[in-house]
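Worksheet: one structure, shown below.
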Amino acid sequence: MDWPLLIPLAAITLGPLSWVANTWIRARHGYPVENIMSKHGGVSEARRFELLIGENTKLNGQVSRLEERIAVLERIATDPAERTAREIEALRGR
């Protein structure tokens, strides 16, 4: 066998062999075996879509709350100290 031919042959062979070994080790130790067709753990596309919509709604709520907090902090940072002190005292008087 010619030595330069052995290098591409080894490169082509080692990838699938390592995949087989990895799959065998995962199956032997009880880890989930991933299939190329089911990368998402067997979750249907409709369910994934519902989960993404729920996560999107939650994140939109968080963003709006953070925007409100940033607006308050910006108002505190840019307002004159005298008006801020008056508002704090007014809140204490309640």
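The values are calculated or read from the model by the stated rules, or taken from the named source; none is laboratory data. All values derive from a computational prediction rather than experimental measurement. Please note: Cβ atoms are built from the backbone with ideal geometry, for glycine as well, and neighbour counts cover all protein chains shown.
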Boolean, Arg26 is modelled with pLDDT of 85 or more and either surrounded by 10 or more Cβ atoms within 10 Å (Cβ to Cβ) or touching a Pro at 6+ places or on another chain (Cβ under 6 Å) (or both): yes
Sole residue being surrounded by 10 or more Cβ atoms within 10 Å (Cβ to Cβ), assigned to a helix (DSSP H, G or I) and modelled with pLDDT under 90, chosen from Leu52, Leu9: Leu9
